[in-house]
Amino acid sequence: MHPLRSDFQKEAFVDQETFNMSIRKFLKTVGVNGQREIEQAVAKAIASKAIGGNEAFPATMTLRIAGLQLDVAFDGEIRLQ
């Protein structure tokens, strides 16, 4: 059992299935739409000759949930080749 799950049960009632499904749905939406946005930005930059198509770009994704005072950044890299 995940350590937070027992804390959830002690502090307040959380429908674990609903909670997990809503997180997964949100992350899937971010993933699918984020990928589409990146692909379109790369295609536009290549078409305008702003990039050559062999670059790598540092990338940051910020997750904010104001009601939970959550603000965390995830860093990575988008490589074209």
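The values are calculated or read from the model by the stated rules, or taken from the named source; none is laboratory data. Treat the numbers as computed from the prediction; the structure is a model and nothing was measured. Neighbour counts run over all protein chains shown; Cβ positions are idealised from the backbone, glycine included. These accessible areas exclude ligands, DNA and RNA; they are computed on the full protein's heavy atoms, side chains included. Shrake-Rupley method; radii C 1.70, N 1.55, O 1.52, S 1.80 Å.
Overview of values
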| item | result |
| --- | --- |
| Carbon + sulfur, % of accessible area of the chain - ligands and nucleic acids excluded, 1.4 Å | 58 percent |
| Helix-only CD estimate at 222 nm, as mean residue ellipticity for the chain, using -39500 (n - 2.57) per DSSP H run (n ≥ 4) | -17500 deg cm²/dmol |
| Computed magnitude of the charge dipole of the range 15-60 (debye, nearest 20; Cβ of K, R +1, Cβ of D, E -1) | 160 debye |
| Over the chain: Kirkwood hydrodynamic radius from C-alpha pairwise inverse distances, Å | 15.8 Å |
| 3J(HN,Hα) from dihedral phi, the range 26-38, Karplus parametrisation 6.51/-1.76/1.60, rounded to Hz, x for glycine, proline | 4, 5, 5, 4, 4, x, 5, 5, x, 4, 4, 4, 5 |
| Within the range 24-63, GluC sites (Glu not before Pro) in DSSP loop having at most 11 other beta-carbon neighbours inside 10 Å | none |
